[in-house]
Structures are given as structure tokens and as C-alpha cells.
1. Under the convention of a label 7 Å out along Cα→Cβ, give the distances in nm from B:Glu48 to the same position in every other copy, shortest first.
2. Using θ = phi - 60° and the Karplus form 6.51 cos²θ - 1.76 cosθ + 1.60, what ³J(HN,Hα) does each residue of the stretch B:72-84 get, whole Hz, x for Gly and Pro?
3. Could you order peptides B:47-53, B:66-72, A:14-20, B:119-125 by the average number of other Cβ atoms within 10 Å of their residues, highest first?
4. Can you pull the mean other chain C-beta count within 10 Å for peptide B:129-140?
5. Inter-copy label distances at B:Ala110, 7 Å along the Cα→beta-carbon direction, one decimal in nm, shortest first?
6. In whole Å, what are the extents of the stretch A:59-154 along the principal axes defined by its C-alpha atoms, from largest to smallest?
7. Take every residue in peptide B:77-83, count the Cβ atoms of other chains within 10 Å of its Cβ, and give the average of those counts.
8. Mind listing the label-point distances from A:Glu29 to the same position on all other copies, shortest first, one decimal in nm, points 7 Å along Cα→Cβ?
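Coordinate-derived values only; no laboratory data. The model shown is predicted, which means the values in this text are computed figures rather than measured ones. So basically every Cβ, Gly included, is an ideal-geometry build from the backbone, and we count neighbours across all protein chains shown.
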Protein chains: 2
Amino acid sequence: MTQELAKKYLEDIAVGDKWVSEHYTMTTEEIIAFAKQFDPQVFHLDTEAAKETFFAGLAASGWHTSGITMRLMVASIPIASGLIGAGGQISWSRPTRPGDTLQVVSEVIAVKPSRSKPDRGIVTVQIDTLNQHGEAVQNFTCNMVAFRRESKIA
Amino acid sequence: MTQELAKKYLEDIAVGDKWVSEHYTMTTEEIIAFAKQFDPQVFHLDTEAAKETFFAGLAASGWHTSGITMRLMVASIPIASGLIGAGGQISWSRPTRPGDTLQVVSEVIAVKPSRSKPDRGIVTVQIDTLNQHGEAVQNFTCNMVAFRRESKIA
């Protein structure tokens, strides 16, 4: 959870709010271990054989980039009830490579109180995962549930 | 990779093609281990404490559901050059719970040859991850790159 961050309830969150995460460096070993478990394809598993593929070298599974992004989000986005994603639009514009250092920049682009459930709303956050060159490896526009201070959740 | 499946190139894939995966059962231990690594929030980490949260009990991280979905996709979707996702629209309509048995049903909903790169195209696949009650835990509309037989990839 995000104990070290000032907890924000729905009414504290506004369009334009921006949060920047710490950094995380991906290793070859982690990329291969993740791929074995969740995405066993040659371009994620084998440094040599990956050279002959579309990726022209070892690339992390997009879902591994998503997992690291989530880890960085959890420590940087201070929504009081936690990060509860309903879904969104995701794209992987370039692969994450061994040794890449990732950072997540999140910005609120919409805040929509629920009509049917007055204790909560949907916060839409643009979540960009950047490598050490400032290039996006993932863009995720995520709808998250956030609660009002007086709700019984969180 | 998908050696056991008949490999399909762009020209072999048509709207309406459908693939059904094997099953995968999620355990409490896996849910907690994934959360520790990628999504350390109380509703994914602690069976007891999760009861007091939005999820009213331990729930897998949505990204864990995505990872298991990918694993089932890799073994069931026979695109010749592998599964190379450009991105798409994802939603988690209900949580995956400990003991849930997941299965992935994938259906091609669009096939679009590239105008600029004649050796490839984009295949859009509706990927539904269902639990043992036939309820969707994840819906993912995914754009994947597929190559023609004569391309140099795959």
C-alpha cells in the first residue's frame, strides 16, 4: 500500500494531478524468468535465438512491463483505497530490453463521480512507462475506482 | 511457442476463427507471490485483511490474470510468428479468486493487412478469460502483428 503517501480520496483528486515513480531496472534473468512463467515465446526466453525474431534481440513480455509498471504505480499513486483498476487502453510502443531502467509518470485526465453509487467515482489516469531515454515502452489509460472520504471502503 | 499447432500466417487467418485454451487453476500461494512481486496491495496479499476491502476477500492482481491469460494464449493461438501484441482494450469485470479455474476463448474479429508494410498485417482478437462458472474475469481486445508466409520473419 502507499502508507508513506498522503492518502487521496475521490474529492481530493483533480484533472492534471501528476505523480512520478521511482526507477526500476530490468535484468535479463528477470525477463527470462517471467517469460517462463507467463509468456514462453522465444523472443522473451532466449537471448541468442531472439536475434532472429521480429524483436531482433531479447525483449521483455509486454505483461512483464505491465507488472513492473504496476509495482511502480502502487508506490507512487496515493489513492486512499488502493489502486483498483477496472480496465483501460494499453499499448506497447517499443519493447523493454535487458538493462532498461523504467519510470512511470501518471496524470489524471478525468474524474467522474458515479451516478448510481454516490460513495465512489472513476478516475482516469494516463500512465506512461518510460525507459532511460525517455521513450515510452507502455502507455496505459486506466480507469480506477476511487472512494469518497466518508465511504466505508479504505 | 506453439510447435504442436498448425502455424497460421496472415493469409490463413479469418474473422470468426476461434481458439479455446486448456485450463489453469490459480492457487492462493501463486496469487500472493505474484502480488509481492508486482502488485503489493493488501487485497492481493493477505487473505484475512482482504476481507475488509473492496474485494471482500483475496483477489488476484488483474495483471496476474493477464499473465495466466497470456500463458494460455501462447499454447492455444497458432500465429506462426508468435503472439506479438501491439496493445488493446482490457477490462477486469470481476476478480480471479483462489481456486478459480481459468480458460481462454479467443476469436478473430478483424484482419487488416498493412498498407505500408506488405509483409504483415494486424489481427484483432477478442480474448475472453472465463472462470469455472463461465463468467468473464478479463476481456481483452488485442491487436496482434501477423506476417505473411513469404515474409522473412518467423
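1. 5.1
2. 6, 5, 4, 8, 10, 9, x, 6, 4, 8, x, 9, 10
3. Ranked by mean Cβ neighbours within 10 Å, highest first: B:66-72, B:119-125, B:47-53, A:14-20.
4. The shielding value for this peptide is 0.
5. Counterpart label points of B:Ala110 in the remaining copies fall at 1.9 nm.
6. 45, 21, 19
7. That works out to 2 on average.
8. Relative to the other copies, A:Glu29 has label-point distances of 2.2 nm.
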